[in-house]
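Peer 1: If you scroll down you'll find the structure; I have some questions about it.
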Amino acid sequence: MRASRSVTTLLIFLIIGSTIVFHWIGWLQPVELFFRGLIVPTSSRMYQWTTKAKSDQTPFDRIEDLHRAYLDLEDAYTRSLVDQVRLRRLEEENQALRQQLGFIQAHHFDALSVEIIGKNIDPIGSTLLLPVGAPDRISIGDPVIVGDGILVGVISQVEPDISIVRLLDDAQSKVAATLYNKEKSIGVVEGGHGRQIQMNFIPQNEVVDVGTLVVTSGLESTLPAGLLLGMVETVEQEPYQPFQQATLRPPVVFRTIERVSVLRQASVISSQ
Amino acid sequence: MRTVITGFIFFFAVIVAVLLHMAALYVLPYPFFHMHVLFLFLLLLLLIWESGLVVWVAFFSFFTIELMSASQFGVLLASGTLSMLFGVWLYRDIFTNRSIFAAIALTGSVLVCFRTLYTLLLWPWIAIIDGVFLPWRVLAWPFFLELCFTVVAMAVCYLFLALLFRRFILFAPKRFYD
């Protein structure tokens, strides 16, 4: 009985070990493509169905909540009108400065727009699955954005037929960031805090206000500066700590993203 | 012919296991998506089949999941398959009274074994290669949620099995303990 168990254990260890080795060598690629081919189409359909179902849901249980949300929205709209005017003025100023400096265009990003076909398969991770891979010139570290420059994650794995995006709220995610405060404080935005993300290593003596925008600092060679990460929601400052930390609210809900753009590496490096 | 049918059932079990696991992650809201549906399915399969073949279903299911995971290749595969092997041994030698308590204890033990192996394999990888040091509380809370929800789901599923099949009993007869 004991001998038979030792043989079984040994056999399983051997098979697991060989599978890992064969994966790294690339001998298992046909088998991997077969299994992915079975799962990915279903995953894609399920993902589309669930994101659609989630976006159709109304998050209000009571009429009072709906009314309050309406008032908040009205307030936000008024503020956004003021912001729009300010933005237009800044745009004009910006354009004039760019002309002075001789810039024709700010960025030459080589972006690839892709539809998401799945998300994290491990409950403790936060990832997205994209139907593009190495043949599409995707490489590890490529920034993944939505909308007008909102960073949602970074490519963490590239296969011939799929790529995996590690979202900002994943526990292993780390991005060098800058606060749009007076001091332009720098820090590191990290995941692993549920739905929120946290900016750590902000120097203690610098002023961080709620509502301040946080963008990528450009200190990493693979990430361009100025991609929006979120807005400061709370600030934790302990007098005995060398650094303070801020909890950020990402501008998008990661669970409901349907389409993203991957900024391919060569264009990111040339833009810096 | 029998081998072909067994092979087909085996293949079907792998695909169903992976799809159920994915569907639960996609559909269930927080914190319910922490429930480990794949292990729940595999352990229910073990209770119904009572066969060591479940370890191979676990191997292929975790292999498929590994192909779509961001963690280093082999972490889920090794921890998942070895935990299921451990589960089969526990079911045969320790939790033998075939009651709801045995099913709950089996689920808890297998998940603890899985997450211990997972952490032991993942931690050195990400610390050495990625240079990321995960604080224990970042992993502990999701693991705790996973354990709670999976154990509760197992209890509910076992209740249904006990209602459907006479082989599944809720409580072992008293003479079992004598």
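Peer 1: Say whether the condition of being among the charged types (D, E, K, R), crowded, with 21+ Cβ neighbours inside 10 Å, in contact (Cβ under 8 Å) with a residue 12 or more places away in the chain and within 11 Å of another protein chain (Cβ to nearest Cβ) is met by at least one residue in region B:65-86.
Peer 2: Checked region B:65-86: no residue is among the charged types (D, E, K, R), crowded, with 21+ Cβ neighbours inside 10 Å, in contact (Cβ under 8 Å) with a residue 12 or more places away in the chain and within 11 Å of another protein chain (Cβ to nearest Cβ).
Peer 1: Taking the criterion of being hydroxyl-bearing (Ser, Thr, Tyr) and at pLDDT below 90, would at least one residue in region B:66-77 satisfy it?
Peer 2: yes
Peer 1: I would also like to ask the following. Please find, among A:Ile150, A:Ile140, the residue that is surrounded by fewer than 22 Cβ atoms within 10 Å (Cβ to Cβ), more than 9 Å from chain B (Cβ to nearest Cβ) and touching a residue at least 24 places away in the same chain (Cβ under 8 Å).
Peer 2: Answer to the selection: A:Ile150.
Peer 1: Within region A:163-173, identify whether any single residue is surrounded by 19 or more Cβ atoms within 10 Å (Cβ to Cβ), aliphatic (A, V, I, L, M) and away from chain B (no Cβ under 11 Å), and answer yes or no.
Peer 2: For region A:163-173, residues surrounded by 19 or more Cβ atoms within 10 Å (Cβ to Cβ), aliphatic (A, V, I, L, M) and away from chain B (no Cβ under 11 Å): present.
Peer 1: Does at least one position in region A:10-17 carry a residue that is touching a residue at least 12 places away in the same chain (Cβ under 8 Å), assigned to a helix (DSSP H, G or I) and closer than 17 Å to B:Phe73 by Cβ?
Peer 2: Scanning region A:10-17, I find no residue that is touching a residue at least 12 places away in the same chain (Cβ under 8 Å), assigned to a helix (DSSP H, G or I) and closer than 17 Å to B:Phe73 by Cβ, so the answer is no.
Peer 1: Can I ask one more? Only residues in region B:22-51 that are more than 10 Å from chain A (Cβ to nearest Cβ) count as the first member; pair them with residues that are surrounded by 21 or more Cβ atoms within 10 Å (Cβ to Cβ) and β-branched (Val, Ile, Thr), Cβ under 6 angstrom, at least 6 apart or cross-chain, and list the lot.
Peer 2: Close Cβ pairs (under 6 Å, with a partner that is surrounded by 21 or more Cβ atoms within 10 Å (Cβ to Cβ) and β-branched (Val, Ile, Thr)) amount to B:Leu40/B:Thr150; B:Leu42/B:Val54; B:Leu43/B:Thr107; B:Leu45/B:Val54; B:Leu46/B:Val54.
Peer 1: Checking B:Gly131 against (1) on the phi > 0 side of the Ramachandran plot; (2) modelled with pLDDT of 80 or more, which test does it fail?
Peer 2: (2)
Peer 1: Going by the conditions given, is A:Arg249 in contact with a Gly (Cβ under 6 Å, 6 or more places away or on another chain) and surrounded by fewer than 19 Cβ atoms within 10 Å (Cβ to Cβ)? If you could, list the steps in order and put the result at the bottom.
Peer 2: Numbers: in contact with a Gly (Cβ under 6 Å, 6 or more places away or on another chain): yes; surrounded by fewer than 19 Cβ atoms within 10 Å (Cβ to Cβ): yes.
Taking the combined requirement at face value, the residue satisfies it.
Peer 1: Residues being of a type in the set (S, T, N, Q), more than 17 Å from the chain's Cα centre (by Cα) and modelled with pLDDT of 70 or more: count how many of those fall in region A:92-140.
Peer 2: 1
Peer 1: Looking at region A:122-139 only, could you name the residues that are assigned to a loop (DSSP other than H, G, I, E, B) and closer than 23 Å to A:Gln198 by Cα?
Peer 2: Hits for region A:122-139 are A:Asp122, A:Pro123, A:Ile124, A:Gly125, A:Ser126.
Peer 1: Could you check, for region A:223-239, whether at least one of its residues is surrounded by fewer than 20 Cβ atoms within 10 Å (Cβ to Cβ) and within 14 Å of another protein chain (Cβ to nearest Cβ)?
Peer 2: no
Peer 1: Among residues belonging to region A:13-30 that are farther than 15 Å from A:Glu159 by Cβ and in contact with a Ser or Thr (Cβ under 9 Å, 6 or more places away or on another chain), point out the one that is surrounded by the most Cβ atoms within 10 Å (Cβ to Cβ).
Peer 2: Within region A:13-30, the match that is surrounded by the most Cβ atoms within 10 Å (Cβ to Cβ) is A:Ile16.
Peer 1: Among the residues of region A:180-211 satisfying the criterion of being of a type in the set (S, T, N, Q) and farther than 10 Å from A:Ala246 by Cα, which is farthest from the chain's Cα centre (by Cα)?
Peer 2: Among those that are of a type in the set (S, T, N, Q) and farther than 10 Å from A:Ala246 by Cα, it is A:Asn205.
Peer 1: Only one of these conditions is not met by B:Leu111: (1) within 9 Å of chain A (Cβ to nearest Cβ); (2) touching a His at 6+ places or on another chain (Cβ under 7 Å); (3) closer than 20 Å to B:Met35 by Cα. Which number is it?
Peer 2: Single failed check for B:Leu111: (1).
Peer 1: Of the residues in region B:21-51, how many are crowded, with 23+ Cβ neighbours inside 10 Å and in a loop (DSSP other than H, G, I, E, B)?
Peer 2: 2
Peer 1: Exactly one condition in (1) closer than 18 Å to B:Ala155 by Cα; (2) free of Cβ contacts under 8 Å to residues at least 24 places away in the same chain is not met by B:Arg92; state its number.
Peer 2: (1)
Peer 1: Okay, moving on. Which pairs have Cβ atoms under 8 Å, sit 6 or more apart or on different chains, and link a residue in region A:202-227 that is closer than 13 Å to A:Gly149 by Cα and without any contact (Cβ under 8 Å) to a residue 40 or more places away in the chain to one that is part of a loop (DSSP other than H, G, I, E, B) and not aromatic (Phe, Trp, Tyr)?
Peer 2: Qualifying pairs under 8 Å: A:Val215/A:Ala225; A:Val215/A:Gly226; A:Val215/A:Leu227.
Peer 1: Only one of (1) loosely packed, with under 10 Cβ neighbours inside 10 Å; (2) at pLDDT 80 or above is not met by A:Leu33, so which one is it?
Peer 2: (1)
The values are calculated or read from the model by the stated rules, or taken from the named source; none is laboratory data. Owing to the predicted nature of the structure, the values given are computational and were not obtained by experimental measurement. Every residue, glycine among them, receives a Cβ derived from its backbone with ideal geometry; neighbour counts consider all protein chains shown.
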